[in-house]
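For reference, the structure is listed below as structure tokens.
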Amino acid sequence: EAASGETEAAGNTGDVITVGFSQVGAESDWRTANSESMKSTFSTENGYNLIFDDAQQKQENQIAAIRNFIQQEVDYIVLAPVTESGWDTVLQEAKDAEIPVIIVDRMVNVSDDSLYAAWVGSNFKLEGQKACEWLKQYAAAKNMSEVNIVDIQGTIGASAQIGRTEALNEAVEANGWNLLAQQTGEFTQAKGQEVMESMLKQYDNINVVYCENDNEAFGAIEAIKAAGKTVGPDGDILVMSFDTTKQGITDTLSGDIIVNTECNPLHGPRVEQIIKQLQAGETPEKQAYVEEGIYAHGSDVASVSIDGTDYEVTEVTQDVV
Ligand code: GYE
């Protein structure tokens, strides 16, 4: 229910809750699923007026969208931030206008955490740690003498990139892997392919590629095949990925992707829950992590243990697809 006593905004009845959502862009399948989840949750039938803004991966567009939402006097601002830094000023403007801000997916790095009401998203570092622990065990099970790995990073400065890269860097250190190259693929298939092409030209001994999302993995697989090399458990290069999108899981069934760490995009209902709490005058949890799994081709690794917690590795079979 909307706050009682609220005056009717143009085109709104008092019961409709207007939500301005600043979305990163449409760079990946994950993002598409995330946008769909938000749109279907904040639908007219459910009593919402959703103003959806696609920022095309540009922070300046997100800042402009938020200023727009403030001007339109929306009830709530939801922000899926492209990068972590640079939000203090505009979020202060929202606070001054007394519009609650909910952060979703990636995090913001602000000096004053009263600038947002709540955040919900994934533990990206943990995702990376699970993936690396899986590789460590897989390499041991397969007697791999060397791990010569390249990293196709996500958008630099995005929490999903920061956490996944950090976990890899730590695992490289701890396990003595050779990290040959590290470059951003902007979370897109086209850039993932381009980056993999150039890495293959530079290094002929790559045996693992750590793609920081599925779309980069799709591009990398194309590049590897085009270079006359093979992917999969018996191939030249193991492709690791994140997101477990529909296509990502299909590729994990075939082995083109050897391991795929889940990142759940279905945040619509979670954000709605936060808004309902705020409507009721309750204080939502400040930061909430979503629970996620890890999916692999084959059953070589049964589980991974991170900081004393065990995560079962799900073998992708026809049932999972
Ligand atoms: O992994 C990637 C998307 O921030 C979790 O962004 C999200 C990431 C996701 O482009 O596919």
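Residues of the range 1-27 being modelled with pLDDT of 50 or more and touching a strand residue (DSSP E or B) at 6+ places or on another chain (Cβ under 7 Å), which ones?
Answer for the range 1-27, where residues must be modelled with pLDDT of 50 or more and touching a strand residue (DSSP E or B) at 6+ places or on another chain (Cβ under 7 Å): 16, 17, 18, 19, 20, 21, 22, 23, 25, 26.
Of the conditions (1) farther than 17 Å from residue 30 by Cα; (2) out of contact with any Lys or Arg (no Cβ under 7 Å at 6 or more places or on another chain); (3) touching a residue at least 12 places away in the same chain (Cβ under 8 Å), residue 167 clears all except one; give me its number.
(2)
Are there any strands (runs of 3 or more DSSP E) wholly within the range 184-295 with 1 or more residues that are farther than 21 Å from residue 29 by Cα, and if so which?
Fully inside the range 184-295 and qualifying: 208-211, 238-243, 287-289.
For the range 183-198, check the following and say yes or no: at least one residue is within 16 Å of the ligand (Cβ to nearest atom), within 27 Å of residue 314 (Cβ to Cβ), at pLDDT 95 or above and charged (D, E, K, R).
No, the range 183-198 has no match at all.
Could you pull out the residue among 125, 136 that is in contact with a helix residue (DSSP H, G or I) (Cβ under 7 Å, 6 or more places away or on another chain), more than 15 Å from the ligand (Cβ to nearest atom), part of a helix (DSSP H, G or I) and more than 24 Å from residue 17 (Cα to Cα)?
Of 125, 136, the one residue that is in contact with a helix residue (DSSP H, G or I) (Cβ under 7 Å, 6 or more places away or on another chain), more than 15 Å from the ligand (Cβ to nearest atom), part of a helix (DSSP H, G or I) and more than 24 Å from residue 17 (Cα to Cα) is 136.
If I filter the range 151-168 for residues that are more than 16 Å from the ligand (Cβ to nearest atom) and at pLDDT 95 or above, do I get at least one hit?
no
Which of the residues that make up the range 294-321 are at negative phi, surrounded by fewer than 16 Cβ atoms within 10 Å (Cβ to Cβ) and without any contact (Cβ under 8 Å) to a residue 40 or more places away in the chain?
Answer for the range 294-321, where residues must be at negative phi, surrounded by fewer than 16 Cβ atoms within 10 Å (Cβ to Cβ) and without any contact (Cβ under 8 Å) to a residue 40 or more places away in the chain: 299, 302, 303, 309, 310, 312, 319.
Taking the condition of being of a type outside the set (Ser, Thr, Tyr), more than 19 Å from residue 137 (Cβ to Cβ) and near the ligand (Cβ under 10 Å from one of its atoms), how many residues in the range 240-262 meet it?
The number of residues fulfilling the criteria is 2.
Between a residue in the range 116-130 that is among the aliphatic types (A, V, I, L, M) and any residue that is in a strand (DSSP E or B) and more than 14 Å from the ligand (Cβ to nearest atom), which pairs come within a Cβ distance under 6 Å, given they are 6 or more apart or on different chains?
Sorted first by the residue in the range 116-130, then by its partner, the pairs are 117/102; 118/102; 120/288.
The values are calculated or read from the model by the stated rules, or taken from the named source; none is laboratory data. Predicted, not measured: the structure shown is a model, and the values here were computed from it. Methodologically, a virtual Cβ is constructed for each residue, glycine included, from the backbone with ideal geometry; neighbour enumeration extends over all protein chains shown.
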